[in-house]
1. Please work out if residue 62 is touching a residue at least 40 places away in the same chain (Cβ under 8 Å) and assigned to a strand (DSSP E or B).
2. Taking segment 119-131 only, how many residues are touching a strand residue (DSSP E or B) at 6+ places or on another chain (Cβ under 6 Å) and in contact (Cβ under 8 Å) with a residue 40 or more places away in the chain?
3. Regarding residue 159, is this residue in contact with a strand residue (DSSP E or B) (Cβ under 7 Å, 6 or more places away or on another chain), in a loop (DSSP other than H, G, I, E, B), crowded, with 17+ Cβ neighbours inside 10 Å and modelled with pLDDT of 95 or more?
4. Could you check segment 23-45 and list, in sequence order, the residues that are out of contact with any strand residue (DSSP E or B) (no Cβ under 8 Å at 6 or more places or on another chain) and touching a residue at least 60 places away in the same chain (Cβ under 8 Å)?
5. Given 94, 32, 76, 50, which one is buried (at least 23 other Cβ atoms within 10 Å of the Cβ) and at negative phi?
6. Assess whether residue 212 counts as being at pLDDT below 95, within 30 Å of residue 76 (Cα to Cα) and in contact with a strand residue (DSSP E or B) (Cβ under 9 Å, 6 or more places away or on another chain).
7. Please go through segment 89-104 and give me each residue that is in contact with a strand residue (DSSP E or B) (Cβ under 9 Å, 6 or more places away or on another chain), assigned to a strand (DSSP E or B) and within 18 Å of residue 149 (Cα to Cα), ordered by number.
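The values are calculated or read from the model by the stated rules, or taken from the named source; none is laboratory data. This structure is a prediction, so every number in the text was calculated from the model and none was measured. Here the Cβ is made from the backbone with ideal geometry for all residues, glycine too, and neighbour counts use every protein chain on show.
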């Protein structure tokens, strides 16, 4: 009996750790090199290292981005990994803030979003507006960072496709005049897929640059402000460390 009681006592800290852990949701499709569903991307490494430094237990679950958002809104999951600061997300999620603006020091990463067109097309983007675009702009699904910007410009868009390769195929097939996508993954496809590089070119002016964060639901933040702020602060510190840079140097 004593042995059983001792075993139960030893197990209690582990149970408490699981119960108290902040649960963050990761999309089930790769966003290389930032997140992957079956291995750690640069953002997952950063969060794990920051959680250890801040002594804040964190676990990450993987599901579709739409479900991630639904679960954070409902309170079933505490927060998101790789969410831009947009009016859509800001309705239900708390972000690291500096005054009335997000604190970019606590961002998980900064990404360039570029514009692409079929070679020979006269469709354009001059840094502030599109030219010769008669079809909805093609964008990856699930990224309010891009769609909110297009909404503010009153520009129609098609966000029915997630995978960048499929969006390149749609652009080449004439389903859109302009495609917007994240520089890293789009450049990788153009460098390795001749069927894309032969037919598609990137426009010289970037569409936008955006920072991506690990926001949590407003309800969770209100109940766990100290814990959340500690994690965000640690993200800013770890991101600049040599240990983190060494840990992610081979992630692609």
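1. No: the conditions fail for residue 62.
2. Number of matching residues: 4.
3. no
4. Answer for segment 23-45, where residues must be out of contact with any strand residue (DSSP E or B) (no Cβ under 8 Å at 6 or more places or on another chain) and touching a residue at least 60 places away in the same chain (Cβ under 8 Å): 29, 32, 33, 40, 45.
5. It is 50.
6. no
7. The answer is 102, and nothing else.
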